[in-house]
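Asks: Quick one: structure below, then a few questions.
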Amino acid sequence: MTRLASGDRSAFHPVFDALLPVLKRFVSRQLAEAEADDVAQAALLKVFERAADFDPDADALSWALGITAWQVRTSRCRAQRRSESSLEPALALADARPSPEDALIFADLEHALHEVLGELKPLDLETLHLLARGERPRGPTFRKRVERSLARLRTAWSSRHG
Amino acid sequence: MDDTSLRAAARRSYEKGRLAAALRSTWFLPPLLAFSLWGCGQPIATCAAGAGALVLAVFLEWRGEAYSRARRAGLLAGLVPFALPLFARACGHPCGPGECTAFLGLAAMGGLVAGVGVGLSATSRSAAALGLLLAALVGSLGCALAGVMGLAAMAGALLVTSIPVYLLAHARRPA
(Lines give C-alpha, C1' and ligand atoms only; values in the text may rest on other atoms or scores of the structure.)
Protein backbone atom coordinates (compact mmCIF):
# COMPACT_ATOMS: atom_id res chain seq x y z
CA MET A 1 0.00 0.00 0.00
CA THR A 2 2.93 2.34 0.73
CA ARG A 3 4.35 1.68 -2.73
CA LEU A 4 0.94 2.23 -4.28
CA ALA A 5 0.54 5.50 -2.38
CA SER A 6 3.89 6.75 -3.68
CA GLY A 7 2.82 6.04 -7.28
CA ASP A 8 4.31 2.59 -7.94
CA ARG A 9 1.70 1.17 -10.32
CA SER A 10 3.22 -2.31 -10.17
CA ALA A 11 1.79 -2.59 -6.64
CA PHE A 12 -1.79 -2.22 -7.93
CA HIS A 13 -2.58 -5.85 -8.71
CA PRO A 14 -1.05 -7.34 -5.54
CA VAL A 15 -2.99 -4.84 -3.41
CA PHE A 16 -6.21 -5.54 -5.33
CA ASP A 17 -5.84 -9.33 -4.98
CA ALA A 18 -5.06 -9.07 -1.28
CA LEU A 19 -7.80 -6.60 -0.38
CA LEU A 20 -10.86 -7.86 -2.27
CA PRO A 21 -11.45 -11.13 -0.35
CA VAL A 22 -10.73 -9.42 2.97
CA LEU A 23 -13.24 -6.65 2.34
CA LYS A 24 -15.86 -9.12 1.08
CA ARG A 25 -15.56 -11.22 4.25
CA PHE A 26 -15.71 -8.12 6.44
CA VAL A 27 -18.83 -6.79 4.75
CA SER A 28 -20.66 -10.13 4.52
CA ARG A 29 -20.49 -10.43 8.33
CA GLN A 30 -22.40 -7.16 8.68
CA LEU A 31 -24.85 -7.00 5.79
CA ALA A 32 -27.22 -9.28 3.97
CA GLU A 33 -25.75 -11.31 1.11
CA ALA A 34 -27.78 -9.42 -1.51
CA GLU A 35 -26.05 -6.12 -0.88
CA ALA A 36 -22.75 -7.27 0.67
CA ASP A 37 -21.09 -7.75 -2.73
CA ASP A 38 -22.06 -4.27 -3.98
CA VAL A 39 -20.94 -2.58 -0.77
CA ALA A 40 -17.62 -4.48 -0.77
CA GLN A 41 -16.96 -3.40 -4.36
CA ALA A 42 -17.87 0.22 -3.60
CA ALA A 43 -15.53 0.11 -0.59
CA LEU A 44 -12.71 -1.29 -2.71
CA LEU A 45 -13.13 1.52 -5.24
CA LYS A 46 -13.09 4.06 -2.41
CA VAL A 47 -9.89 2.55 -0.98
CA PHE A 48 -8.14 2.89 -4.33
CA GLU A 49 -9.46 6.41 -4.83
CA ARG A 50 -7.89 7.40 -1.53
CA ALA A 51 -4.70 5.40 -1.93
CA ALA A 52 -2.66 8.54 -2.74
CA ASP A 53 -3.56 9.90 0.73
CA PHE A 54 -2.46 6.78 2.60
CA ASP A 55 -0.04 7.54 5.42
CA PRO A 56 2.90 5.10 5.25
CA ASP A 57 3.12 5.10 9.06
CA ALA A 58 -0.43 3.77 9.38
CA ASP A 59 -1.51 0.13 9.18
CA ALA A 60 -2.82 -0.54 5.67
CA LEU A 61 -5.42 -3.16 6.65
CA SER A 62 -6.91 -1.05 9.46
CA TRP A 63 -7.06 1.92 7.13
CA ALA A 64 -8.84 -0.07 4.40
CA LEU A 65 -11.27 -1.64 6.89
CA GLY A 66 -12.03 1.81 8.29
CA ILE A 67 -13.09 3.01 4.86
CA THR A 68 -15.13 -0.17 4.39
CA ALA A 69 -16.87 0.25 7.74
CA TRP A 70 -17.91 3.72 6.66
CA GLN A 71 -19.37 2.30 3.43
CA VAL A 72 -21.30 -0.31 5.47
CA ARG A 73 -22.67 2.43 7.72
CA THR A 74 -23.69 4.53 4.69
CA SER A 75 -25.45 1.54 3.17
CA ARG A 76 -27.36 0.88 6.39
CA CYS A 77 -28.44 4.53 6.66
CA ARG A 78 -29.62 4.54 3.08
CA ALA A 79 -31.65 1.36 3.63
CA GLN A 80 -33.21 2.81 6.77
CA ARG A 81 -34.18 6.04 4.97
CA ARG A 82 -35.74 4.01 2.15
CA SER A 83 -37.93 2.03 4.57
CA GLU A 84 -38.97 5.18 6.51
CA SER A 85 -39.92 7.39 3.59
CA SER A 86 -41.77 4.95 1.36
CA LEU A 87 -45.59 5.20 1.75
CA GLU A 88 -46.46 2.82 -1.05
CA PRO A 89 -47.02 -0.23 1.16
CA ALA A 90 -49.31 1.79 3.44
CA LEU A 91 -51.23 3.25 0.51
CA ALA A 92 -51.79 -0.18 -0.96
CA LEU A 93 -53.50 -1.27 2.27
CA ALA A 94 -55.54 1.91 2.80
CA ASP A 95 -59.35 1.76 2.44
CA ALA A 96 -60.47 3.98 -0.50
CA ARG A 97 -64.03 4.36 0.85
CA PRO A 98 -64.91 7.53 2.82
CA SER A 99 -64.62 7.28 6.56
CA PRO A 100 -67.79 7.13 8.74
CA GLU A 101 -67.19 10.73 9.75
CA ASP A 102 -66.90 11.85 6.10
CA ALA A 103 -70.07 9.91 5.23
CA LEU A 104 -72.00 11.62 8.05
CA ILE A 105 -70.82 15.07 7.00
CA PHE A 106 -71.85 14.36 3.40
CA ALA A 107 -75.32 13.20 4.48
CA ASP A 108 -75.81 16.35 6.58
CA LEU A 109 -74.79 18.58 3.65
CA GLU A 110 -77.14 16.73 1.33
CA HIS A 111 -80.07 17.19 3.75
CA ALA A 112 -79.28 20.91 4.17
CA LEU A 113 -79.12 21.39 0.42
CA HIS A 114 -82.52 19.70 -0.08
CA GLU A 115 -84.05 22.04 2.52
CA VAL A 116 -82.71 25.10 0.74
CA LEU A 117 -83.73 23.84 -2.70
CA GLY A 118 -87.26 23.40 -1.37
CA GLU A 119 -87.44 27.20 -0.86
CA LEU A 120 -86.56 28.04 -4.47
CA LYS A 121 -89.08 28.78 -7.24
CA PRO A 122 -89.84 25.99 -9.75
CA LEU A 123 -88.09 27.88 -12.58
CA ASP A 124 -84.92 28.22 -10.49
CA LEU A 125 -85.07 24.52 -9.58
CA GLU A 126 -85.49 23.50 -13.23
CA THR A 127 -82.53 25.73 -14.23
CA LEU A 128 -80.27 24.25 -11.54
CA HIS A 129 -81.28 20.69 -12.52
CA LEU A 130 -80.41 21.40 -16.16
CA LEU A 131 -77.07 22.86 -15.05
CA ALA A 132 -76.31 19.85 -12.86
CA ARG A 133 -77.03 17.47 -15.75
CA GLY A 134 -74.78 19.50 -18.06
CA GLU A 135 -77.61 20.43 -20.39
CA ARG A 136 -77.48 23.91 -21.86
CA PRO A 137 -80.55 24.99 -23.92
CA ARG A 138 -79.78 27.38 -26.73
CA GLY A 139 -80.34 31.09 -26.26
CA PRO A 140 -78.81 33.91 -24.23
CA THR A 141 -81.45 33.77 -21.54
CA PHE A 142 -80.23 30.46 -20.03
CA ARG A 143 -76.96 31.98 -18.86
CA LYS A 144 -78.86 34.80 -17.13
CA ARG A 145 -81.28 32.31 -15.57
CA VAL A 146 -78.29 30.28 -14.20
CA GLU A 147 -76.74 33.41 -12.67
CA ARG A 148 -80.02 34.44 -11.00
CA SER A 149 -80.79 30.90 -9.76
CA LEU A 150 -77.34 30.49 -8.22
CA ALA A 151 -77.58 33.93 -6.58
CA ARG A 152 -80.97 32.99 -5.03
CA LEU A 153 -79.55 29.63 -3.88
CA ARG A 154 -76.62 31.41 -2.17
CA THR A 155 -78.97 33.89 -0.51
CA ALA A 156 -81.28 31.10 0.73
CA TRP A 157 -78.29 29.08 2.00
CA SER A 158 -76.80 32.11 3.82
CA SER A 159 -80.09 32.99 5.48
CA ARG A 160 -80.53 29.41 6.74
CA HIS A 161 -76.98 28.34 7.58
CA GLY A 162 -74.93 31.56 7.74
CA MET B 1 -19.23 -6.45 -11.53
CA ASP B 2 -16.95 -9.24 -12.77
CA ASP B 3 -13.28 -9.31 -11.80
CA THR B 4 -11.98 -7.65 -14.99
CA SER B 5 -14.49 -4.78 -14.82
CA LEU B 6 -13.88 -4.30 -11.11
CA ARG B 7 -10.13 -4.24 -11.62
CA ALA B 8 -10.50 -1.64 -14.40
CA ALA B 9 -12.86 0.45 -12.26
CA ALA B 10 -10.44 0.24 -9.30
CA ARG B 11 -7.59 1.36 -11.53
CA ARG B 12 -9.62 4.33 -12.75
CA SER B 13 -10.50 5.25 -9.16
CA TYR B 14 -6.83 5.05 -8.23
CA GLU B 15 -5.72 7.33 -11.07
CA LYS B 16 -8.56 9.74 -10.38
CA GLY B 17 -7.57 9.88 -6.72
CA ARG B 18 -3.93 10.51 -7.61
CA LEU B 19 -4.90 13.33 -9.94
CA ALA B 20 -7.12 14.94 -7.29
CA ALA B 21 -4.31 14.70 -4.73
CA ALA B 22 -1.86 16.20 -7.24
CA LEU B 23 -4.19 19.13 -7.88
CA ARG B 24 -4.59 19.73 -4.14
CA SER B 25 -0.82 19.71 -3.67
CA THR B 26 -0.39 22.79 -5.91
CA TRP B 27 -2.47 25.06 -3.67
CA PHE B 28 0.44 27.43 -3.07
CA LEU B 29 1.13 28.19 -6.76
CA PRO B 30 -1.75 30.69 -7.24
CA PRO B 31 -0.46 32.94 -4.40
CA LEU B 32 3.04 32.82 -5.95
CA LEU B 33 1.51 33.78 -9.27
CA ALA B 34 -0.40 36.65 -7.66
CA PHE B 35 2.78 37.90 -5.98
CA SER B 36 4.64 37.72 -9.26
CA LEU B 37 1.90 39.63 -11.10
CA TRP B 38 2.13 42.35 -8.47
CA GLY B 39 5.92 42.50 -8.37
CA CYS B 40 7.08 41.90 -11.93
CA GLY B 41 4.57 43.78 -14.04
CA GLN B 42 4.84 41.19 -16.85
CA PRO B 43 1.38 39.63 -16.93
CA ILE B 44 1.68 37.57 -20.11
CA ALA B 45 5.02 36.03 -19.24
CA THR B 46 3.95 35.49 -15.63
CA CYS B 47 0.68 33.79 -16.55
CA ALA B 48 2.38 31.58 -19.14
CA ALA B 49 5.11 30.53 -16.68
CA GLY B 50 2.55 30.04 -13.92
CA ALA B 51 0.32 27.86 -16.08
CA GLY B 52 3.31 25.81 -17.20
CA ALA B 53 4.51 25.38 -13.61
CA LEU B 54 1.02 24.30 -12.49
CA VAL B 55 0.60 21.71 -15.24
CA LEU B 56 4.09 20.32 -14.73
CA ALA B 57 3.76 20.18 -10.94
CA VAL B 58 0.44 18.32 -11.22
CA PHE B 59 1.90 15.86 -13.73
CA LEU B 60 4.97 15.13 -11.62
CA GLU B 61 2.93 14.57 -8.46
CA TRP B 62 0.43 12.36 -10.29
CA ARG B 63 3.22 10.32 -11.85
CA GLY B 64 4.72 9.73 -8.40
CA GLU B 65 7.93 8.10 -7.15
CA ALA B 66 11.09 9.80 -8.51
CA TYR B 67 8.97 12.34 -10.35
CA SER B 68 7.19 13.36 -7.17
CA ARG B 69 10.56 13.83 -5.46
CA ALA B 70 11.79 15.86 -8.43
CA ARG B 71 8.67 18.01 -8.14
CA ARG B 72 9.40 18.76 -4.51
CA ALA B 73 13.04 19.56 -5.30
CA GLY B 74 12.11 21.68 -8.32
CA LEU B 75 9.53 23.70 -6.37
CA LEU B 76 11.83 24.33 -3.43
CA ALA B 77 14.81 25.14 -5.64
CA GLY B 78 12.73 27.42 -7.85
CA LEU B 79 11.67 29.46 -4.83
CA VAL B 80 15.20 30.88 -4.56
CA PRO B 81 15.36 32.62 -7.98
CA PHE B 82 11.68 33.47 -7.51
CA ALA B 83 12.21 35.21 -4.20
CA LEU B 84 15.52 37.04 -4.65
CA PRO B 85 14.51 39.68 -7.26
CA LEU B 86 11.05 40.15 -5.74
CA PHE B 87 12.57 40.56 -2.28
CA ALA B 88 14.93 43.22 -3.62
CA ARG B 89 11.99 44.97 -5.26
CA ALA B 90 9.92 44.74 -2.06
CA CYS B 91 12.84 46.25 -0.09
CA GLY B 92 12.61 49.34 -2.27
CA HIS B 93 15.16 48.75 -5.01
CA PRO B 94 14.51 51.66 -7.41
CA CYS B 95 14.87 49.90 -10.78
CA GLY B 96 11.88 48.90 -12.90
CA PRO B 97 11.39 45.57 -14.67
CA GLY B 98 14.14 44.71 -17.16
CA GLU B 99 16.23 47.78 -16.30
CA CYS B 100 18.69 46.57 -13.75
CA THR B 101 21.89 44.53 -13.62
CA ALA B 102 21.27 43.91 -9.93
CA PHE B 103 18.16 41.91 -10.81
CA LEU B 104 20.20 40.09 -13.44
CA GLY B 105 22.77 39.13 -10.83
CA LEU B 106 20.11 38.00 -8.38
CA ALA B 107 18.41 35.89 -11.05
CA ALA B 108 21.70 34.19 -11.91
CA MET B 109 22.51 33.60 -8.24
CA GLY B 110 19.07 32.12 -7.69
CA GLY B 111 19.58 29.83 -10.68
CA LEU B 112 22.92 28.61 -9.28
CA VAL B 113 21.42 27.68 -5.93
CA ALA B 114 18.40 26.05 -7.56
CA GLY B 115 20.62 24.03 -9.88
CA VAL B 116 22.60 22.62 -6.95
CA GLY B 117 19.35 21.71 -5.17
CA VAL B 118 17.86 19.86 -8.14
CA GLY B 119 21.14 18.16 -9.03
CA LEU B 120 21.55 16.79 -5.50
CA SER B 121 18.02 15.48 -5.03
CA ALA B 122 17.19 13.97 -8.43
CA THR B 123 17.34 10.18 -8.69
CA SER B 124 16.70 9.66 -12.40
CA ARG B 125 17.63 11.61 -15.53
CA SER B 126 14.11 12.16 -16.80
CA ALA B 127 12.88 13.15 -13.36
CA ALA B 128 15.88 15.47 -12.96
CA ALA B 129 15.18 17.15 -16.29
CA LEU B 130 11.53 17.75 -15.41
CA GLY B 131 12.45 18.95 -11.92
CA LEU B 132 14.87 21.38 -13.51
CA LEU B 133 12.18 22.65 -15.86
CA LEU B 134 9.83 23.15 -12.91
CA ALA B 135 12.51 25.06 -11.01
CA ALA B 136 13.06 27.26 -14.07
CA LEU B 137 9.33 27.95 -14.44
CA VAL B 138 8.87 28.81 -10.75
CA GLY B 139 12.06 30.88 -10.77
CA SER B 140 10.91 32.77 -13.85
CA LEU B 141 7.86 34.00 -11.90
CA GLY B 142 10.33 36.19 -9.98
CA CYS B 143 13.04 36.59 -12.59
CA ALA B 144 10.58 38.13 -15.07
CA LEU B 145 11.48 41.25 -13.12
CA ALA B 146 14.95 41.04 -14.64
CA GLY B 147 13.57 40.79 -18.18
CA VAL B 148 14.60 38.35 -20.90
CA MET B 149 18.28 38.58 -19.95
CA GLY B 150 17.43 37.75 -16.36
CA LEU B 151 15.45 34.70 -17.40
CA ALA B 152 18.30 33.56 -19.61
CA ALA B 153 20.80 34.10 -16.80
CA MET B 154 18.70 32.06 -14.39
CA ALA B 155 18.16 29.23 -16.87
CA GLY B 156 21.83 29.16 -17.79
CA ALA B 157 22.91 29.10 -14.16
CA LEU B 158 20.43 26.28 -13.45
CA LEU B 159 21.87 24.12 -16.22
CA VAL B 160 25.48 24.93 -15.49
CA THR B 161 25.21 23.80 -11.87
CA SER B 162 22.60 21.05 -11.98
CA ILE B 163 24.25 18.76 -14.56
CA PRO B 164 27.67 18.41 -12.91
CA VAL B 165 26.10 18.20 -9.42
CA TYR B 166 23.75 15.43 -10.59
CA LEU B 167 26.54 13.49 -12.29
CA LEU B 168 28.77 13.84 -9.25
CA ALA B 169 25.99 12.77 -6.86
CA HIS B 170 25.21 9.73 -9.02
CA ALA B 171 28.85 8.76 -9.38
CA ARG B 172 29.15 8.59 -5.59
CA ARG B 173 26.00 6.49 -5.07
CA PRO B 174 26.51 2.73 -4.84
CA ALA B 175 25.30 0.82 -7.94
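The values are calculated or read from the model by the stated rules, or taken from the named source; none is laboratory data. Computed from a prediction, not measured in an experiment: that's the story for all the values here. When we count neighbours, we look across all protein chains shown, and the Cβ atoms used for this are built from the backbone with ideal geometry, even at glycine. Accessible surface areas use protein heavy atoms only, side chains included; no ligands, DNA or RNA. Shrake-Rupley method; radii C 1.70, N 1.55, O 1.52, S 1.80 Å.
Asks: Using only Cα atoms, what Kirkwood radius does the range A:11-131 have, in angstroms?
Replies: Details: mean 1/r = 0.0494 Å⁻¹.
The answer is 20.3 Å.
Asks: Which one, A:SER149, A:GLN80, A:PRO21, projects farthest toward the positive side of the charge dipole computed for chain A from Cβ point charges (K/R +1, D/E -1)?
Replies: A:SER149
Asks: Work from the charge dipole of chain B (Cβ charges, +1 for Lys and Arg, -1 for Asp and Glu, about the Cα centre) and give the residue of B:LEU106, B:GLY131, B:ILE44 farthest towards its positive end.
Replies: Result: B:GLY131, furthest along the dipole toward the positive end.
Asks: Give me a single rounded figure for A:31-41: the average over its residues of other chain Cβ atoms within 10 Å of their Cβ. Before the final figure, lay out each step's value.
Replies: Details: counts 0, 0, 0, 0, 0, 0, 1, 1, 0, 1, 5.
Shielding by partners across A:31-41 averages 1.
Asks: Another question, then. Could you name every residue in the range B:1-20 that has 40 Å² or more less accessible surface in the full protein assembly than in its own chain alone (probe 1.4 Å, ligands and nucleic acids excluded)?
Replies: With the partner chains in place, the range B:1-20 has these residues losing at least 40 Å²: B:MET1, B:LEU6, B:ARG7, B:ALA10, B:ARG11, B:SER13, B:TYR14, B:ARG18.
Asks: Related question: Compute the acute angle (0 to 90°) between the alpha-carbon long axis of helix B:147-172 and the principal axis of greatest extent of the alpha-carbon atoms of chain B; round to the nearest 10°.
Replies: The angle comes out near 50 degrees.
Asks: Rounding to the nearest 10 and keeping the result within 0 to 90°, find how far the Cα-based axis of helix A:100-117 lies from the longest principal axis of chain A.
Replies: Taking the Cα atoms of chain A, the angle to A:100-117 is about 30 degrees.
Asks: Another one. Please work out the ratio of the alpha-carbon Rg of the range B:21-134 to 2.2 N^0.38 Å and round it to two decimals.
Replies: Details: Rg = 14.5 Å, N = 114, 2.2 N^0.38 = 13.3 Å.
Working it through for the range B:21-134, the quotient is 1.09.
Asks: May I pose another question? When the dipole is taken about the Cα centre of the protein assembly as shown, and only Lys, Arg (+1) and Asp, Glu (-1) are charged at their Cβ, what size is it in debye, to the nearest 20? Before the final figure, lay out each step's value.
Replies: On the way: 38 positive and 30 negative charges, 159 e Å.
So the magnitude is around 760 debye.
Asks: If you take each beta carbon of peptide B:53-64 and count the beta carbons of other chains within 10 angstrom, what is the mean? Don't skip to the answer; put the middle values down first.
Replies: Working: counts 0, 0, 0, 0, 0, 0, 0, 1, 2, 2, 2, 8.
Per residue, the number of nearby Cβ atoms from other chains is 1 on average.
Asks: Another question, then. Ordered by packing density, taken as the mean number of other Cβ atoms within 10 Å over each peptide's residues, highest first, how do B:29-40, B:148-159, A:134-145, B:108-119 rank?
Replies: Working: B:29-40: 17.7, B:148-159: 21.3, A:134-145: 10.1, B:108-119: 24.8.
Most protected by this proxy first, the peptides run B:108-119, B:148-159, B:29-40, A:134-145.
Asks: Just the number, please: carbon plus sulfur as a percent of the accessible area of the protein assembly as shown, 1.4 Å probe, no ligands or DNA/RNA counted.
Replies: On the way: 12410 of 19550 Å².
That fraction is 63 percent.
Asks: Ok, one more. Per residue, how much accessible surface does chain B expose to a 1.4 Å probe? Answer in Å², no decimals.
Replies: On the way: 8400 Å² over 175 residues.
Here the per-residue accessible area is 48 Å².
Asks: Could you tell me what a quarter of the Cα convex hull surface of the protein assembly as shown works out to, in nm² with one decimal place?
Replies: Details: hull surface 151.3 nm².
Approximately 37.8 nm², given one-decimal rounding.
Asks: Next up: What total accessible surface area, summed over both chains, is buried at the interface between chains B and A, computed with a 1.4 Å probe and given in Å² to the nearest 100? Present the calculation step by step, with values, prior to reporting the outcome.
Replies: Numbers: alone 9260 and 12030 Å², together 19550 Å².
Separately minus together, B and A give about 1700 Å² buried.
Asks: Which of the residues in the range A:44-77 show a loss of at least 40 Å² in accessible area from their chain by itself to the complete set of protein chains, at a probe of 1.4 Å?
Replies: In the range A:44-77, residues shielded by partner chains: A:LEU45, A:PHE48, A:GLU49, A:ALA52.
Asks: Quote the charge dipole size of the range B:1-50 about the Cα centre in Debye, to the nearest 20; the model charges only the Cβ of Lys and Arg (+1) and of Asp and Glu (-1).
Replies: Numbers: 6 positive and 3 negative charges, 13 e Å.
Using only the charged Cβ atoms, the result is roughly 60 debye.
Asks: Report, in deg cm²/dmol and to the nearest 500, the calculated mean residue ellipticity at 222 nm for chain B, where each DSSP H run with n ≥ 4 adds -39500 (n - 2.57) and the sum is divided by the residue count.
Replies: Numbers: 7 runs with 146 residues, N = 175.
The helix-only estimate for chain B comes to -29000 deg cm²/dmol at 222 nm.
Asks: Continuing with the same structure: Over the range A:54-147, with the other protein chains present, what is the accessible area per residue in square angstrom, probe 1.4 angstrom?
Replies: Working: 7480 Å² over 94 residues.
Counting only protein heavy atoms, the per-residue value for the range A:54-147 is 80 Å².
Asks: Continuing with the same structure: Compute the long axis of helix A:141-161 from its Cα atoms, compare it with the longest principal axis of the Cα atoms of chain A, and write down the angle in degrees, 0 to 90, nearest 10.
Replies: Helix A:141-161 sits at roughly 80 degrees to that axis.
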